[in-house]
Structure formats: structure tokens, C-alpha cells
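Enquirer: Quick one: the structure is below, and I'll ask about it shortly.
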Amino acid sequence: MLLLHLSDVDEARWAEAFTQSLAPYKVVRQGEDFDPADVDYIFVWKPRPEAFEGLSNLKAVLSLGAGVDALLKHPRLPDVPVVRFIDKDLSQRMSDYVVAHVTMHHRQFTRFQADQKARRWSQFYPPAANETTVGIMGLGVLGQDAITRLRPLGFDLRGWSRTPKVIDGVAGFAGAAQFDAFLSGTDILVNLLPLTPETQGILNAETFAKLRRGGLASGPVIVNAARGGHQREADIAAALADGTLGAASLDVFEVEPLPADSPLWGLENCFITPHIAAISNEKTGVHYFTRIIQDHLAGRELINVVDRARGY
Ligand code: NDP
Ligand code: OXD
């Protein structure tokens, strides 16, 4: 039996789709009448504290999200494999966000927006894409997809990961020892890291001060589409105000929804979206997890299992 336990998304629709695609295999929702001991798999998003109670025969936890930081912190997460969502549609949407914000900052949108507001005709020419270096933090599924979309646009690309990666046309940097070298050549810093104890708060004043100056006229830029826990918002607000950063695009926040009194709302060089960079698509999601469940029931190995010790 598959149990759905989803918060903040339309659980009924996912359940209907799973019921059809897994039939005759049984699918139930939280709150329905079933024996928890019959549950083989639980499909979760933001599970409540009691979500896993009584699931004594659970085989795996299936995560609707690509990021599992919150799930791994669940105090009663059972000791079974956690499978995360990896999906072309999700990658496409995330890369759409990254490309939109990188190109916007490369073309100095903040400056021209201010000029327009002031009715000022000021012929400033942005650098060419190949004179602008985009540094991607995190070279996993999403980081590598973003690279495949940015590369044809001509940007100079570099990437930073935990272990070394060789990616065509991308200068690679790895580990804490190469972090400063990575930052020192970066004009637009894109964060696509998982949130772990090592990456918590990585977007901070010290990091911003190490980014390349002089590449983009109004200062280096950050784009964070990963997790709010990666950023120190007080540092971002200060850096945007004093010119350490020229602009920031933020899709995620330390506290979501972003509180109305956050200074970030009022900064003209801060571009806020409400954690909408990418969303798990119901159609492709049901297809992906149906295959995983059916393969596993047929005796094949689970795929895309999270490494709990690594935290992602
Ligand atoms: P992956 O697990 O595929 O990739 C993670 C990458 O980060 C890897 O390259 C890994 O290095 C690197 N990394 C991890 N820890 C460190 C570290 N300490 N130092 C340097 N590099 C590190 O993740 P995805 O690409 O699938 O997703 C990334 C994140 O995006 C998710 O965890 C989630 O938080 C976020 N997300 C946000 C969404 C939104 O709507 N805003 C939607 C979907 C995801 P290595 O290759 O060496 O292992
Ligand atoms: C995810 C997210 O992790 O939507 O998938 O944030």
C-alpha cells in the first residue's frame, strides 16, 4: 500500500493520479481508514510530526521535493531509504528561472530600470556574455542542467562542488580549499546547493566580499534558488545597500513566507519570488514514483536514494 502525506499541495489530486497509475495496488491518504502496518511506501511533502506513526513495515520514504533537508530533520524519520524527486520537468523549470535572472543581471536590468524611473537617457553598454563569469555552486542535477542552458548563451562558466567534476566548457573548483578561488572570478553567483550543515549560511558577508569586482559595473550579483537556510538576509540587505552586491535574486528565504517587515522587500536591487523557481509536476511525478514503486515491488533496487550521512 502507498500512503500519501502531503502538506501545502493538492494531495487529493496526487492520490487520484496514483490510484489510476498504480491500480490495482492500493493507495490511501492520511486520515483515511487503513492499517498502518500495511503501508509499504509513504509519499511525503512537509510531513507532520506523527506522519510515520505505526508504519512498521515501511520499505521507503518517497519525497515529493528534490531537496530533502527538512525531511532529514524530521525527528521521527524511519530508518528506511529516502528516495528524492529527480525530474526533467523540474530541472527545466529551475533552469528557466536561472537563465532569466542571470541574463537580466548580465544586461544590468537594475541600472536601466532606475534610469527609466528617473527618465534618464544614459547609454551604458553591458559587457558581452563571454566577458561575464557565472559561478554555479552545486554541480548536481540542477547545477548541471543550468549549465547546459547557460553554455549556448556564451557565458564564461565555472562551478563549485564538494568533489571534483569535469564538465565541458566549465572551470571546475571543489571543496573548501578552492572556494575562494572560485568566488574571486565570479560575477554572478548562482546557488544550487543542497542545504546541509556545511552549506548553511554560505551566502554571507564574507562570501560576498570575495566575489570579483569590476566585471559587472554595478557590482557582483547573487541568485539563490536553493534554500533560504543558505543565506544570511541581514548580510544581503547590508551588501545590497552598500554596493558590495549590485543585485540579488532570491526565490527562497530564512523564514517563508518572507515576513512583511523584511528590509529585502524595499530594496530596488533585490528581486524576490515566493519559492516558485520550480515545482514538482504531478504528471511527471506520478510517472516517476510509479515506476520506482513497481520496479521495487518487482525486486529491483531503488534509485536516487539520499545519502543520509552526506545530507543530500
Ligand atoms: P544534487 O544532490 O543533485 O546536487 C548537489 C550538488 O551540490 C552536488 O554537486 C554536490 O557536490 C554539491 N554540494 C553538496 N554539498 C556541498 C559542499 N559542502 N560544498 C560544495 N558542494 C557541495 O541536488 P539538486 O541539483 O537536485 O538540487 C539542489 C537543491 O536545489 C536541492 O537540495 C533543493 O534544496 C533546491 N531546490 C529548490 C527548488 C526551488 O523551487 N527553489 C526546487 C528544487 C530544488 P558533489 O557533486 O561533489 O556531490
Ligand atoms: C524542492 C522544492 O526541493 O520545491 O523540490 O523546493
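A short reminder: the numbers here are calculations on the coordinates, not readings from a lab. Quick caveat: nothing in here was measured; it's all calculated off a predicted structure. A quick note on method: Cβ atoms are made from the backbone with ideal geometry, for glycine too, and the neighbour counts reach across all protein chains shown.
Enquirer: Evaluate the relative contact order of segment 33-112 (contact order divided by residue number), counting alpha-carbon pairs under 8 angstrom at least 6 apart; express in whole percent.
Expert: This gives 25 percent for segment 33-112.
Enquirer: Set Lys and Arg Cβ to +1 and Asp and Glu Cβ to -1, take the dipole of the chain about its Cα centre, and tell me which of Ser7, Thr132, Leu90 lies farthest positive.
Expert: Sorting the options by dipole projection puts first Thr132.
Enquirer: Once the other residues with Cβ under 9 Å from the Cβ of Ala277 are scored (Lys, Arg +1; Asp, Glu -1), what is the net sum?
Expert: -1
Enquirer: Pop the C-beta distance of Glu50 and Asp261 into the FRET formula with R0 = 35 Å and round what comes out to the nearest 0.05.
Expert: The calculated FRET efficiency here is 0.60.
Enquirer: Fewest Cβ neighbours within 10 Å first, please rank Ile272, Ile42 accordingly.
Expert: Least to most surrounded, the residues fall as Ile272, Ile42.
Enquirer: Ok, one more. For every other residue with a beta carbon closer than 12 angstrom to the beta carbon of Ala205, add +1 if it is Lys or Arg and -1 if Asp or Glu, then tell me the sum.
Expert: -2
Enquirer: Whole Å is fine, so just give me how far the alpha carbon centre of segment 118-151 lies from that of segment 46-97.
Expert: With segment 118-151 and segment 46-97 each reduced to a Cα centre, they are spaced 32 Å.
Enquirer: Fewest Cβ neighbours within 10 Å first, please rank Asp251, Asp96 accordingly.
Expert: If I rank by nearby Cβ atoms, fewest first, I get Asp96, Asp251.
Enquirer: Okay, next question. First measure r as the distance between the Cβ atoms of Ala241 and Thr284, then evaluate 1/(1 + (r/R0)^6) with R0 = 35 Å and state the FRET efficiency to the nearest 0.05.
Expert: For Ala241 and Thr284, the calculated efficiency is 0.25.
Enquirer: Over the chain, calculate the relative contact order: mean separation of alpha carbon pairs under 8 Å at least 6 apart, over the residue count, as a percent.
Expert: Relative contact order for the chain comes out at 17 percent.
Enquirer: Evaluate the charge dipole of the chain about its Cα centre and quote only its size in Debye, nearest 20, assuming +1 on the Cβ of each Lys and Arg and -1 on the Cβ of each Asp and Glu.
Expert: For the chain, the charge dipole is close to 940 debye.
Enquirer: Right, something else. Take the alpha carbon atoms of segment 223-278, find their center, do the same for segment 152-212, and report the distance between the two centers in whole angstrom.
Expert: 18
Enquirer: Taking Cα pairs under 8 Å and at least six residues apart, what relative contact order does segment 107-272 come out at, in percent?
Expert: 18
Enquirer: Arrange the following residues from fewest to most other Cβ atoms within 10 Å of their Cβ: Thr133, Thr110.
Expert: Ordered by Cβ neighbours within 10 Å, fewest first: Thr133, Thr110.
Enquirer: Step through the table entries Lys88/Lys165; Lys26/Lys59; Lys88/Lys283; Lys73/Lys210, compare each Cα-Cα distance with 23 Å, and write down the pairs that go over it.
Expert: In this structure, Lys73/Lys210 exceed 23 Å between Cα atoms.
Enquirer: Rounded to a whole number of µm²/s, how large is the Stokes-Einstein D of the chain at 10 °C and 1.306 mPa s, given Rh as the Kirkwood radius over C-alpha pairs?
Expert: Approximately 76 µm²/s, per Stokes-Einstein.
Enquirer: Evaluate E = 1/(1 + (r/R0)^6) for Lys117 and Arg151, where r is the Cβ-Cβ distance and R0 equals 41 Å; express this FRET efficiency to the nearest 0.05.
Expert: 0.75
Enquirer: I need the peptides 117-126, 217-226, 162-171 ranked by packing, meaning the mean over residues of other C-beta atoms within 10 angstrom, with the highest value on top.
Expert: Final packing ranking: 217-226, 162-171, 117-126.
Enquirer: Sticking with this structure for a sec: When DSSP assigns beta bridges and you keep just the ones with both residues in the chain, what percent turn out antiparallel, to the nearest 5?
Expert: Once the DSSP bridges in the chain are tallied, antiparallel ones form about 5 percent.
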